[in-house]
1. Mind telling me which of Pro221, Pro95, Pro249 comes out most flexible in a GNM of the chain, alpha-carbon contacts under 10 Å?
2. Figure the gain on full extension for Arg110 and Glu162 (residue separation times 0.36 nm, minus the Cα-Cα span) and round it to one decimal in nm.
3. Tell me which GluC sites (Glu not before Pro) from the range 84-162 have a DSSP coil assignment and no more than 16 other beta carbons within 10 Å of their own.
4. At 222 nm, what helix-only mean residue ellipticity would the chain give, in deg cm²/dmol to the nearest 500, using -39500 (n - 2.57) for each DSSP H run of four or more?
5. Which of Asp41, Asp188 comes first, and how do the rest follow, when ranked by fewest Cβ neighbours within 10 Å?
6. Please work out, to two decimal places, the log10 of the ratio I(q)/I(0) at q = 0.09, 0.15 Å⁻¹ from a Debye calculation in which every Cα of the chain carries one identical scatterer.
7. What does the highest-first list of 200-208, 30-38 look like by mean Cβ count within 10 Å?
8. Among the lysines, select those whose C-alpha is under 21 Å from the C-alpha of Lys169, and discard any that sit fewer than 8 residues away in the same chain.
Amino acid sequence: MRKTALITGASSGIGKAAARELCGAGFIVYAAARRTERMADIKSDKIIPIALDLTDGASIESCVKTILEKEGHIDVLVNNAGYGSYGAVENVPMPEARRQFEVNVFGLARLVQLIAPSMREQKSGRIVNISSMAGKVWTNFGGWYHAAKFAVEGLSDCMRTELAPFGIKVIIIEPGCIKTDWGGIAADNLENTAKGGAYESAAVKSAGVMRKIYSHNITPPEKIAELIRKAVTAKRPKTRYMRGFLARPAVFIRRVFGDRIYDWVLKKFD
């Protein structure tokens, strides 16, 4: 019997690459996103686009119900959907801050709530939560995004211990800078939120650094997709996987040298 995987945020980047990777590994893949038309290029008998809005409880419930009714089981959940809306903490409107948590944290948790019972019944399952090096370190003007990713880290650790007795493995993947549209979008948001305010000059500099980093030949999303496949097929997967441009150096500096040295390093990027 072929296993079924649900991947969120599958209309681009890591999610789309993961859909292709798991399809190649023999899974039936449900590729979920708000804009299903952006997945026409990967649609097949093994990759099935499905609508999902993580800020809408009814949409989440409908997505899971549709898959369970058709396949009878969900063996793998890859919580990949997420985004970063950069800006000084005082500049980002609270509705936007809440939306980041709705997508990055609460939508993720609601999917687990709906899927874990069926995994528990079959005494097996893999839940892969795509966190980030942003859940370990911080960057200028990324407060709300980092807060959400730090939350994903803590939530995932608790899920791992709660679900382990039922044969369900929870794995965290922590990408670094990946060659996607994420960096440009975050830079645009940063500049927009800072216009005319006290942080405008510093925000423009930080946005420029972000664009410069993401314009280089950095880690492709396919490398993270390979980690996802490894995590869901390994007999004894690691609790955490980290890969991607700047991830290991940044985490190493913070862990070994402490917060003040890490803050000093950040200033050097401006």
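1. Pro95
2. That pair, Arg110 and Glu162, stretches by 17.2 nm at full extension.
3. Answer in residue order: Glu90.
4. Numbers: 10 runs with 135 residues, N = 270.
Computed ellipticity for the chain at 222 nm equals -16000 deg cm²/dmol.
5. Asp41, Asp188
6. -0.40, -1.10
7. Numbers: 200-208: 16.9, 30-38: 19.6.
Per-residue Cβ counts within 10 Å, averaged per peptide and sorted highest first, yield 30-38, 200-208.
8. Result set, ordered by chain and number: Lys3, Lys123, Lys149, Lys230, Lys235, Lys238.
Rule-based calculations on the coordinates, nothing more; no lab input. Owing to the predicted nature of the structure, the values given are computational and were not obtained by experimental measurement. Ideal geometry is used to build each Cβ from the backbone, glycine not excepted, and the neighbour counts take in all protein chains shown.
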